[in-house]
Amino acid sequence: MAHQEIIFAGFGGQGILSMGKFLAYAGMDEELNVSWLPSYGPEMRGGTANCSVILTNENIGSPIVTDATAVVVMNRPSLDKFENVVIPNGLLIVDSDLVTRDVNRDDITVIRIPAQTIAEQLGSKKISNMILLGALIEKTNIVPMEALLKALKEHGKAQFYDLNKAALEKGAEVVR
Amino acid sequence: MPDKVLMKGNEAIGEAAIHAGCQCFFGYPITPQTEVAAYMSRRMPKIGRVFLQAESEIAAINMVYGAAGSGVRAMTSSSSPGISLKQEGISYIAGAELPCVIVNIVRGGPGLGGIQPAQSDYFQATKGGGHGDYRLVVLAPSSVQEMVDLVQDAFDIADKYRNPVMVMGDGMLGQMMEPVEFKERKPAQLPSKDEWKADGLKGRKEHHVINSLYLKPEELENQNLKMQKKYAKIKNNEVRYEMYNCEKDVDFVLVAYGTISRICKNAIKLLAEEGINVGLIRPITLWPFPEKAFEEVIDKTKYGFMSVELSCGQMVEDVKLASNGRKPVYFYGRTGGMVPSPNEIADAVKRNIGGAK
């Protein structure tokens with residue numbers, strides 16, 4: 001059964017909301033039920049932007065993710081806020097270039113990826129979010145890479161497609 | 001099958017209105033509904049229709065009054081404080097018996113309140129926020145797809161009864177994205193507007209006059225009685241609700257609409273794992289309130305009903321009227337933009353069942 005409840009979190013401007021959007025588009029193309037809920041308003045002013053994304057072949061009740069199967073964090077406040085939201089045996093993906101503290105949980109899978117460093121090697125720090133997203137789908141298998149690339153092609157900016165594609169594939173590769 | 005697209009609730013409202021033939025949109029920005037107006041400002045001029053950002057909410061609703069009086073489909077949208085400002089206009093539109101659609105993407109109150117999801121405008125919407133004996137038909141979607149469907153239905157219901165219709169959501173429904181499809185709809189059979197619309201003489205001898213002023217008490221009473229007949233017809237024809245998990249006997253029935261009804265469904269799943277069987281009545285029309293849904297479960301629910309709201313307890317009064325003393329009615333709510341988790345709702349159910357036992 002396909003079922004993932006994911007939170008993406010970081011600073012505004014890191015592409016947090018678009019990671020969620022591309023994943024939601026890909027899920028929709030795979031005929032899963034999907035929802036995408038962004039944080040808005042005062043909670044965004046405290047340093048974190050986040051979105052809750054659900055992909056499932058069951059009906060979606062609440063679109064708010066309170067027990068996440070996976071969390072991707074791109075800054076320290078997000079780790080503080082969402083570390084405890086991951087369910088036991090769930091997945092936590094951390095950009096280790098931006099979050100230096102250790103994760104306290106020992107009942108979940110933690111993957112630390114130096115996404116800023118890898119992104120720079122590929123040509124732009126702006127694609128660090130896509131590296132983490134690539135790692136997420138590789139570990140969860142919630143959608144195939146082809147579906148995500150299709151979503152990127154249809155809904156992303158054409159001039160960044162090749163770079164984003166390289167980032168997604170690299171992200172998948174480093175956790176394989 | 002038409003293609004599914006992933007859309008934000010607020011943008012889906014705009015697109016649905018365009019599909020419904022909305023000719024004029026008048027709005028004023030306020031979080032969390034600004035994307036409705038932003039979407040309309042992009043789309044409406046491209047298809048030769050009217051988008052106008054008014055100088056205030058009061059101006060916007062009076063522009064709707066004028067446009068509706070000329071016989072075209074018109075809409076405005078706002079959020080709670082802005083809807084309060086519109087109340088005078090809404091009462092006039094109801095009094096003049098004009099069709100229009102008003103969207104309220106509710107935020108926490110009172111006063112300027114906050115911008116997070118809330119349902120504390122239930123009284124205002126269903127009991128008449130403006131003055132006089134009038135009613136709005138109030139539709140409460142719980143998903144982006146339902147927003148699309150109900151906005152289009154709202155225009156039909158408005159035209160059918162010459163009455164303003166409100167579509168009520170909240171920040172969560174407005175901001176979230178879900179897949180939607182714009183289904184082919186059969187055009188509804190609706191009464192002609194030729195008898196009353198004020199669109200110029202067109203060869204007639206007498207002007208059509210749009211008005212809500214009746215200085216003779218006999219005339220005003222007659223107008224009110226005529227409107228009451230219309231409301232009775234609406235109560236008869238337009239009630240909508242969803243029954244969830246109510247097929248068999250249940251321990252308890254939750255009553256919830258919009259955003260919180262979705263979280264109730266998660267809570268019901270959690271409770272089922274503990275062997276507690278809970279159903280849900282989800283009102284889709286808040287007015288007319290779906291009293292008949294209660295008849296379906298009044299004998300099936302062991303411990304009664306619990307109204308679950310993002311308010312301090314407003315719909316619970318209608319739940320009590322519908323239960324009419326036959327079964328206990330409890331209330332659970334969070335307010336100010338706080339949204340309870342499924343576990344909090346499940347705990348409230350267990351507390352009340354425990355008390356009932």
**Message:** Looking at B:Gly66, B:Gly89, B:Gly82, can you tell me which residue is touching an Asp or Glu at 6+ places or on another chain (Cβ under 7 Å) and assigned to a helix (DSSP H, G or I)?
**Reply:** B:Gly82
**Request:** For region A:83-123, enumerate the residues that are modelled with pLDDT under 95 and within 17 Å of A:Gly171 (Cα to Cα).
**Result:** A:Gly123
**Message:** Within region B:99-116, does at least one residue satisfy the condition of being over 17 Å from the mean Cα position of the chain (by Cα), on the phi > 0 side of the Ramachandran plot and within 14 Å of another protein chain (Cβ to nearest Cβ)?
**Reply:** yes
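Provide a single number: the residues in region B:80-138 that are among the basic types (Lys, Arg) and closer than 21 Å to B:Phe25 by Cα.
Filtering region B:80-138 down to residues among the basic types (Lys, Arg) leaves B:86, B:107, B:127, B:135.
With closer than 21 Å to B:Phe25 by Cα added as a condition, the list becomes B:86.
Residues in region B:80-138 being among the basic types (Lys, Arg) and closer than 21 Å to B:Phe25 by Cα: 1 in total.
The values are calculated or read from the model by the stated rules, or taken from the named source; none is laboratory data. The shown structure was predicted, so the numbers you read here are calculated from the model rather than taken from an experiment. Note that each Cβ is placed from the backbone with ideal geometry, even for glycine, and that neighbours are counted across all protein chains shown.
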